[in-house]
Each structure stands twice: as C-alpha cells, then as structure tokens.
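The structure appears below as structure tokens.
The values are calculated or read from the model by the stated rules, or taken from the named source; none is laboratory data. Note that this is a predicted model, so its numbers are computed, not measured. Cβ placement follows ideal geometry from the backbone for every residue including glycine, while neighbour counts extend to all protein chains displayed. Accessible surface is based on the protein model in full, side chains and every heavy atom, while ligands, DNA and RNA are left aside. Shrake-Rupley method; radii C 1.70, N 1.55, O 1.52, S 1.80 Å.
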Amino acid sequence: MSATDRTTADFEVGAVAHVNFRVRCESLGYGEEVFLVAEDEGTGHEKRIPLFTTAAQFPWYHSTTPVTLTLPPRAMQGQQRQRSSFTYRYAIHRAGLFYRWEGTSDGPQELAQQSKLEAVGTSPISKHELPLHLLSNRESYVVNDVLGVMGGHPDIDHVRVPTRPAPLRAASLHATSTGSVSNKSGGNQSPKQPQGTPATRKKHVGFAPPPAAYRKAQSPSPSHSKQAVHLNSTDGLVVVSAFLPIILHRAENGVWFADWDYEMLLSMQTHLRVTRIGVVKWRGWHGNTGGEGSPEAGVPVNERHLVEECLRHFNCVPVWIDPALFGEMYNGFCKGVLWPVLHNVTSVYSSRPDDYQVPNNSAMTSDEALQFTEYSMDDVEQGPIHGGRGREAELWSAYNSVNRQFADVVVQCFNEGDLVWIHGFHLLILPSYLTRRIPMAKTGIFLHTPFPSSEIFRTLWCREDLLRGMLNADQVGFHLFEYARHFLTCCRRLLGLTYGMIPDSSGGHTLAIDTNGRNVVVTSIHAGVEPPVLNQILTHSGTVERASIIRQEHAGKHIWCAIDRLESLKGVPLKLLALDRFLTRCPEWIGKIVLIQVGIFAFERGDDYRRTYHEVTQLVDTINKKWPGTVQFRACPESEMRLQQRMSILRAADLVVVTSIRDGLNLLPLEYTIAHQDALTEMGRKDGRKRGLCILSEFASCTRVMRGALHVNPWKISEIANAFHQALNMSEDERLRRIGIASEFVTRVTTQRWALAVMLDLKGVHKNMNPVQMSGAGLGLNFRMLGMDTGFNSLSVNVVAKAYRTAKNRLILLDYGGTIVSNDSLDSLVRFKMVKERSAPSVPTQNMINAIKGLCQDKRNTVFVVSGKERHAVTHTLGDIPNLGLSAEHGMFISWPAPRVTGKRRWETLVAETDRTWRSLTITIMEVYTSRTHGSYIEETEMKVLWQYRDADTEFGSLQAKELEDHLAKYLRSFPVDILHGGMKEGGYVEVRPKGVNKGVLAMKVLKRMPERAGFCLVLGDDHCDEPMLSVMRQIGRRVLDNTRAQNGQDPLPDMPATIQPVDVSSCDTSVAPDMETFTVTVGKKPSAAANYLHDVDEVQELLESLSKISARGQASYSTNDLRNIAAPPPPGSQSWQIKSFPSHNADDSSAITKSMSLSQLPANTSNIRPWKEGLLTIEDDINEEDEDDEGGMFF
C-alpha cells in the first residue's frame, strides 16, 4: 500500500497500530511474574497481558503478540492526529495471584533518584503513557520500558518490516541438507540479496533512549538478540548423583547428624538454590549383608524420617532403594559391565577356565591351561558384557529400576525453571525417564569416567538404549574432548546421527548433536579442586604433625608416594616393575628413595581386585627382598584414606606417581600441586627439598591440563624408569618452572568455576522456544523428544473432510513409497536387491488402489501420484487408473490425467534434456569411488545417476562422498545438471540429475495446468525427497491466507518456520481460489516442512477412503448446506414447494432435484424430507454405522 493509499484509508476508515511491549525487570524475585495492565477500550474493564522472558533475554520481559491500538482520528485529511495517549502500568504477580504494583524501588537506583528529583513539586505519575498521535496506521512498534520508572515518555522503536531476500526459484529447491552444487561455478553458492534491497531498518520515534549505561542497544528482533547467560540467586538447580555428598553419623542415643563430604566433587557451596538427590551411604548400602558383609542393611526403615529431617538442613533429599537392588545395580551392572567398557576394555574370554565345560577325553594340559590363564589375565571384565552367563537381563532390570526410582524423586523436587544436572555413569538412562514426565526441564548429564571408542562400546547389548538415554538430555558433559569425540563417533556410527557447531545464546558457537530435530550440546570442561579447602586442611595441626612424622620416618630419603585403587586399570604393577628396573640400572639410588604405595580396597571389582592385590604384594615382596625398605605398601579401605590423611602423605612426599592405564577424573595430582605451591616461594625453598613434581600417565584425564608434569606411557616400563631418573636429576630452574605451570591451572580452574561453566552452557540451551517445540515419540527406553515446528499437529480428518466437501476444484498430490505403499528403502539389503533388479518392489494394497480410483472418478478432483521410481515401475502399478496423473523420478517425467487409458501412457519431461553425455562421465567417476569404498554401489535410472554409500563405513563414506561431490562439480560444470549430496540421515547418496528437477517444481506446474482455480489442496509425502513439494504447497497456501487477512484488515500471521526455504510462488496466484484451503501432511511424526502428520500408511489409506466415500455420496446426496437453500414452505392450501436450484455435483447427473416439484414428489427425491414448521425441513434418512464412522455425522 502506498503512502497516499495509507493516508486515505487512515482518514476514511480509522487507523490502528500494532505495538509490542518490553520492560526491563531486574528486581523480580523467584516465582514472580509481570503483567501489563491497561483499560479495555470497549468494556472499560482492566485488561491484563502477561509478559515473558527467556534465559537469553533476561531481564527483558516482552509480550508474545502485538497489542492493537486504535489511533485517534484526523480532523481533516492530511492533517496531524489529535493528541491522545494510551495509559498502562505493570503489575507483579506471585504464584499466579496479584501481589503489588510496580514502584520506584523496582528501577535502577540512579534512575529512581532522578525520577524523585524530577517529581518534586509535581503530582506523582503512577502510570506509563504512550502518545498515540505519533504512531502511523498499520505500522509495528516496540515500546521499551523500565520497571518502576514512570516519568517521561517511553522509548519507542518503529520496526519497519524488512524486505526479505529474493525467494529462490522452485527449480533450485532440493531435498538435501547440503543443497545443490552449482555446476557452472563448480561450488556452492548462496543466493545473494538483490541490489537496492533495503536491510532491516528501525528508527526511534520522537524520544531519546534511556541512559546508555543502563539500557543496552537492542536489535530489531528482541527474540533473536544475543545476550550473555548469567546465573543468579533465583535460579534453581537439582543435582542428581548416585551418592549424596554427605557423611552420615549415628550417635549411640539414636540421633543422626551429617557433615559435608569434601571428598566429593559435588559438595561445593554456591549462591544458587541447590537441591541434591542421591543414595545415602550407610552400613550395608551395597546389599552385602551377613557373613563377611555388613551387619546392617542400610538405614533402618523406621529411622528414615529422622535421616530426612537431618539432611533437610543440607538441602539433600535421599533416594530410598532396597540395598539388595542397589547393590545389584552398582556392583553388578555399573562396576561389572559398564566400568570396564567405559575404560576401553572388553573381554573376549572368561576370567576362569572352569566356566567352560571341557570334555574328559580332551582335558587341557597344564601348559595349555597356563596359556589360557595368561590370555584371561589381560581382561578386566567381571560381568556378562556379552550376555554369556545369562544374568544380563537381571542386571539390566536392576539398572532400569534404580534409574526409575531416581526419576520419581527428581520429579517431586523439581520446580519449573530449575536446571537438572545428572552425574555419573550410574544414571545414563535417567534422562529418558525425566523427559517423559518433565519435558520442559533443561537436563544435563556429566560423565566423570572416560568414554570408549565405538568399537568397544558397540559390544554392549544395551548400547542404543544407553546412547538414547544420554541424548534425551539437553547437554552431555565430559572432562576431555577425547571422551566427547568418542561419544560423538558412537552416536554417528551406531545411531546414524550428525554433529557440528551451532550458534549459542551469547553469539558464539557450541558443539552439538542433531537428533530428531533437536540439538544436544556436548561440553568438555575438566574439573578442578578447591584451593581454599585444601589449604585449610594443609594448615591444620593434625595434617602438619602427620606429615612431619612421615618425613622423620624416612629422613634423608627422597619420598615418592602413590595412592591407587587395587584394580588392573590403575597400573600399580607397572609402577613397581619400573621401580625395579630403575634401581637395577641406577644402583647409586639404592637406599636413597622410598615409595609409599597406598592401595584402596576395591571389593566391587571381584576377581580383578583379588588378582591385582596378590600381584602387587608379590612385587612388593620381591623388591623389598632385593632392597629392603624401598617400598612401604599399605592396603586400607577408602574410609581410612580420606582427604585429611591423603593430604598429609602428599605434603610429606617429594614426588607423586600415577601410572593408570585408563583413568577418568583423578584429582590426586591436582591436590599434590596445591600441597607444594609454597615451593615457588623463598620460604618454601629453605628446606632444600626437591619436591613438587608429578609423573603422570598419558591415559589419565588430568594429563591434558597438568602440562608441568612428566608424562609417561605406563605400558612402556623403560619410559617410567627414565622419568624417575629425570625427576631425581632435574635442575632447580626446570623443576620450579614445571611447578609454576601446574599451579597455574589448579588455581585458575576451581571446582566452582568448572560447575559454573557447565551450568552456563546448560542454561543457555535453547528449549521450548519458537520456532521449535518439543514432542514425544516412542515407547519405553525408545522414548525421545522430537523437535517440531510450531503448529505441527496430527491431521484432523474432520477438518479435511469439511474443506473437501465444500471445494469445487481440488488438487491431491500423493507420494508413492512410504505414503501409499510401505517404504522399500527401510532395509538396505532389500533396496540393494531392488536396485539390481533381483527382487520386485512393494506395491499398494488393493484397498489403497480402490480409494485412489474413487478419488479419480470425481470430476472435481485432480489426482497425481508423484514418485521417485522409474516410469515403468509406476506405470505397472497405477498406469491403468483413469483420470490419474503420474509423475516419475521426482517430477522429471509427467503423464497427465486422461479419462480413458488405452495402451501405453504418454509421457513428457519437466525440463528439456538435450545433452546426455554427462551420464557416461558421471558413471566413470563414480566407479572409481565405488572400487575404493566398500559397501557403496551405483544406481542408474532414466533421469539420474546415484552413488549410494549408506552401507559403507559411516566416516569413510562421508569423506568419500564429499570428495566425489567436489570431483563431479569440477568436471560437470559445463553441463545443465544439479549435484545433490544427501547425508546419512537422508540415506547416504550423491546424485546427479538434470538441472531444475524436483517435486516442488512439478507441484507448481500441475497447479497451473488445472482447468479451474483450486479451492482445496492436499499434499502427502514421507521423506526428504518430498520436502520441496510440501514446502512449495505450504507457502502457496500461506500466501492465500496472508492476502485474505490483509484484505479483511486482520493482523498478519506469525512468520513461517525458519526450517522452510522461501520460494517464489507468486506465479501461482492466478491458479488458486481466494478461499483455498491447503493441507500439507508428512507420514510419520518427524521434523518436516509439512504442517501436519499422519502416523503411517494405514492412516493415509483411511483418509483417502473417507474422501472417496464423500465423493461417491456427493453424486447422489446433499449436505445440510444444500438444504438451507430451500425456500420457506408454501402458504396453506398450496400443493407445490418452491425449491431453489441445487448446485449439481455432476454435470450429467440425471438424479438432480428439479427446481419445482410437488409435495408428493419431494420425498422420493430428497430421502424422506417432510415439511416442518417455520420453513425448516427434518431429515429422517437412516445413516448406517459405517457412514457415521467415516464422516463423523457431517454429511447425509
């Protein structure tokens, strides 16, 4: 509309403006909400409009829909408007109820004082005022307020609708995630904005903005602004771990009391509102009671309420689980199954030869048995990783049961807006249970163990369930990117998912996995220690005294220390072997060094613990026999080596040695570095000790952050021995430099800083925000959240039937595979056989064919089946149906509907194909890649050539496909072809086809060829190849709605989802009716350009059968809309009814009701219609049960 037209309309009709309100609220407490309160112009009552915010937009609250304000009239055309204001104020609600009005205390202190100074001598202003005379008709504005600052005028942003980039031509719209490759340029080209196209503009109207120090510059679109994410005291956090970070005590009089367990990473204190959930460690928590086990079975049931009351002061909530069940889960599944696999170790053979029955006549000799035992000793497996002993079902059931009980407690403690942070491999499937019950929660899971390579992880029988459980969280965290990389690879190889960098809420990018239309953020941040806590323990008199005693016991010697759990993964025997070799080759150090080796009992490791303990004691005895007093070995339970005892040993030692062969989070080197930070000071160097160095295995996670340590390969004994020699002979400058480098990390990255970084990533996750909404799908552990466009709902058959019944000209476009017939591409072997013509493809059922025939018999219908198959396959199945249009190979070949099908169908091409020499060149290039990519093959059709790599190795196939795509783009740049690359999600292929061929172009061509304007469009598809058709038809339908609303003066609809690629569909305006209704449907609940979905092919058949019956009945019966056209009854005494002309559903329908007939003739022609009072008719026609089911009683 031009400026002149807008002014004229403004003067003649009246004017309105669309205003969004934004207010900055920094003083709101937890659970408080903001409402805009204004007086309704029509009723005079107060109208309350809720304002909302997000993690990225806080503290700005905004209205979700614009408020339409009536502008004051002009006195004369062309003059300014009369002065008028819109007054409003903000109300604060708590728990959904009114709490108070805004006040000056809600605003910034400097602005509140300024407001008080300006208000001196004037009446206080209690409301905000928006001058309406400055607004223009049908324009959009954003009003920016500050809560509590009501003096002066608000800041108004005039938002001009940006001119969108020129939409793509439908010919360039392809059904791949990467788009097509332009052949003439040989590379990817993004559409450029035409010259002269104005960018997004926004200007201020009449007022200056608030002080720059308080209000930051805003972007034109508040919902897409990039703002830093912060954690404040109003944020809630639910921390879930297998064990609560507390130490429980029980006095003799039965009183329970608790202390924080500073050993645990999650015992840190924070300003957030934290609720901790986990199991209480008390005697017998592991279920091992009686005999050699614990005399108790956990906290007595009758005293649990006392423990809960005791823990309430710590904001800890215990999860009460039967000790036997928890022990089965913890010792059986977690430690016996998951623990070795997560540490990259799996067993091929059992650890005990007697597990396998050997016939008596073939008993093994002693040498063979010894050899078998040696092979078995390389394994760490203690549980049925491969399901070989029949207990996997019991262990898996226990794991599920414990996770389910944890979910129950989390749901009870969760408040809307809380962050849920899960820790440990004990609760990997907990997100699957939580996302079903609290889908709005932002959930993160952090693993403190390594994550194995895909070749190891795939040996688990429950691998998919574990991965899906982790992916049901919104964030997955690891200490190292190495572990995150293995997790990404497992998701790609086992689940076929893709990953990459996506924009985050602060304007940067973050690593995420794309799963079912939603992104799962992957974080890799290494944890640290709390120096204040450790320094407090170091200065304690008990710690100083114990460290002094250790130094006195080994006076004059260089003290080495090591504290490890007694299991194979810790590599204790490798350390002792290296010490033996070092002393053998460097005898000058005999008697000058001592190794204090502390072994922590690991009873949960079963045979592995006993074997390791036996091996360590033998090596210690061997070394001490050679060089007495060299190794001081002590085995003790974990309760006797707490942080206080550990810090005294670390303080007394000059060197710490960690030789684990695979280790997750190990904070011992970090604690040791804190214990010797004073070595960098003059006072600390007065003792003359060469202390503060660490020898670290390169397989420990802290090796990546402890750059000042000596890194060794524990499998290479000589390398460890050389590290011993290097540490003893290191120069003072190098030693201090290494200590300084190590100290830099432990002081900079603390536990609180680590947790803050992870929580900021979790809070910044985009969830439940437009244009994506979450929808659940699947049963059991297969339940998952799907990311859907807003408005993506199940198709309502009644709505479709109503629109279908009233439309005069209809267009129905149906995909073939996956829509009217079960998909052939679901099984790779079936597809390969079909491509190589070794098996026949699936065909539609007879009921489906009958439904399509019924639709084609209605002369108001134009029905097309648009398939990706070749012409002969489509013709063989559907070629004999009259009035049915067919399209093969994604729209390249078209056979228009014909009333009679005799002989062969006539086909035409969508685009002219004059040069086919590109096919031989393409096949030659593809054959090269097929020969070097196992599992790939070439598929040829009349139109296109595909290189399929769906059965090849995922990583290698993707690399080869990218190289092939570049290769083809280089040599086919002079040919009129498109090169498409579909990733593994789309089936894994590289395709070359004639340029400008896709189902979207075909849909537009069919629409333009219709004899009359279409008033009804139904489009059904199921996969990525149908997305162009669904996208184009949805945009055509949306264009009709926009034009209708604009003509009626209604507010514009929200923007189309960002997932839909804009296409220029203006050429179809003359082919559609002004009231056309469009239904785009995808088969299967999944992200799509369609607006609706049906679950499967059976539902498609039911829909088509219902529409077919409506068409069949329409040729002989009439609806209530037709009956309303009947005139009033005749005067008394008249024997004739005057009936208005009925719209004939069929031009040659001989049974149409005549315009005038006698009363005796009427029932015979209108199914027992009889006269009734006040000019109405009653219908006595019986409707059978089948008709009621099909049409919901809508039609007669």
Given (1) over 30 Å from Met706 (Cα atoms); (2) aliphatic (A, V, I, L, M); (3) at pLDDT 90 or above, Leu829 misses just (3)
Of the residues in the range 1094-1123, those that are under 30 Å from Arg1045 (Cβ atoms) and at pLDDT 85 or above come to Leu1094, Leu1103, Ser1106, Leu1107, Ile1110
Across the range 847-876, the tally of residues that are open to solvent by 20 Å² or more (accessible area, probe 1.4 Å), modelled with pLDDT under 90 and of a type in the set (Val, Ile, Thr) stands at 1
Tell me whether the range 359-372 contains one or more residues that are modelled with pLDDT of 50 or more and surrounded by 12 or more Cβ atoms within 10 Å (Cβ to Cβ). no
When Glu940 is run through (1) open to solvent by 10 Å² or more (accessible area, probe 1.4 Å); (2) closer than 30 Å to Asn861 by Cα, the failure sits at (2)
Taking the stated definitions as given, is Val911 assigned to a helix (DSSP H, G or I), open to solvent by less than 60 Å² (accessible area, probe 1.4 Å) and more than 21 Å from Glu1099 (Cβ to Cβ)?
no
Selection from the range 932-961 of residues under 23 Å from His890 (Cβ atoms) and out of contact with any Phe, Trp or Tyr (no Cβ under 9 Å at 6 or more places or on another chain) yields Glu940, Thr941, Lys944
In the range 647-667, anything in contact with a strand residue (DSSP E or B) (Cβ under 8 Å, 6 or more places away or on another chain) and open to solvent by less than 10 Å² (accessible area, probe 1.4 Å) is listed as Leu650, Ala652, Ala653, Asp654, Leu655, Val656, Val657, Val658, Thr659, Ser660, Asp663
Review point. Right, Pro439: assigned to a loop (DSSP other than H, G, I, E, B) and closer than 19 Å to His766 by Cβ or not?
Key: yes
Just one listed residue, out of Trp421, Trp396, is within 24 Å of Glu567 (Cβ to Cβ), crowded, with 19+ Cβ neighbours inside 10 Å and modelled with pLDDT of 90 or more, and it is Trp396
When restricted to Ala1003, Ala969, the only residue closer than 23 Å to Ser1088 by Cβ and part of a helix (DSSP H, G or I) is Ala1003
Only one of Thr104, Thr65 is in contact with a Leu (Cβ under 9 Å, 6 or more places away or on another chain), at pLDDT 75 or above, open to solvent by 40 Å² or more (accessible area, probe 1.4 Å) and within 22 Å of Phe35 (Cβ to Cβ), namely Thr104
| query | Does Thr122 meet the test of being open to solvent by 70 Å² or more (accessible area, probe 1.4 Å), outside any strand (DSSP E or B) and at pLDDT 80 or above? | reply | no
Among (1) farther than 16 Å from Phe582 by Cβ; (2) among the hydrophobic types (A, V, I, L, M, F, W, C); (3) open to solvent by less than 50 Å² (accessible area, probe 1.4 Å); (4) not in a helix (DSSP H, G or I), Trp715 falls short only on (3)
Q.
Can you confirm whether Leu467 is open to solvent by less than 10 Å² (accessible area, probe 1.4 Å), within 16 Å of the chain's Cα centre (by Cα) and either within 27 Å of Gly957 (Cα to Cα) or among the aromatic types (Phe, Trp, Tyr) (or both)?
A. yes
* To do: Return yes when Ala952 is small (Gly, Ala, Ser), open to solvent by less than 70 Å² (accessible area, probe 1.4 Å) and either assigned to a strand (DSSP E or B) or under 28 Å from Gly1021 (Cβ atoms) (or both) and no when it is not.
  => yes
Across the range 20-39, the tally of residues that are within 33 Å of the chain's Cα centre (by Cα), under 17 Å from Val146 (Cβ atoms) and not aromatic (Phe, Trp, Tyr) stands at 10
Within the range 597-620, the residues that are open to solvent by less than 40 Å² (accessible area, probe 1.4 Å) and over 22 Å from Cys334 (Cβ atoms) are Gln597, Val598, Val616, Thr617, Leu619, Val620
Of the residues in the range 1048-1093, those that are open to solvent by less than 20 Å² (accessible area, probe 1.4 Å), over 23 Å from Tyr141 (Cα atoms) and part of a loop (DSSP other than H, G, I, E, B) come to Ile1060, Val1065, Gly1084, Ser1088, Ala1089, Ala1090
Next on the checklist: Yes or no: the range 522-530 includes at least one residue that is open to solvent by 10 Å² or more (accessible area, probe 1.4 Å), more than 30 Å from Val476 (Cβ to Cβ) and of a type in the set (A, V, I, L, M, F, W, C).
Outcome noted: no
Filtering the range 621-637 down to residues that are more than 20 Å from Leu668 (Cβ to Cβ), touching a residue at least 40 places away in the same chain (Cβ under 8 Å) and open to solvent by less than 50 Å² (accessible area, probe 1.4 Å) yields Ile623, Trp627, Thr630
Of the residues in the range 633-662, those that are within 20 Å of Val712 (Cα to Cα) and either in contact with a Leu (Cβ under 7 Å, 6 or more places away or on another chain) or part of a helix (DSSP H, G or I) (or both) number 7
Looking across the range 531-562 at residues that are hydroxyl-bearing (Ser, Thr, Tyr) and assigned to a helix (DSSP H, G or I), the single one that is surrounded by the most Cβ atoms within 10 Å (Cβ to Cβ) is Thr543
Within the range 1014-1047, residues part of a helix (DSSP H, G or I), open to solvent by 10 Å² or more (accessible area, probe 1.4 Å) and among the acidic types (Asp, Glu) come out as Glu1027, Asp1042
From the option list Leu655, Leu667, Leu680, Leu693, single residue qualifying as closer than 18 Å to Lys570 by Cβ, more than 42 Å from the chain's Cα centre (by Cα) and at pLDDT below 95 is Leu655
Within the range 691-712, residues being crowded, with 16+ Cβ neighbours inside 10 Å, part of a loop (DSSP other than H, G, I, E, B) and in contact with a strand residue (DSSP E or B) (Cβ under 9 Å, 6 or more places away or on another chain) number 6
Among (1) in a strand (DSSP E or B); (2) in contact (Cβ under 8 Å) with a residue 24 or more places away in the chain, Met501 falls short only on (2)
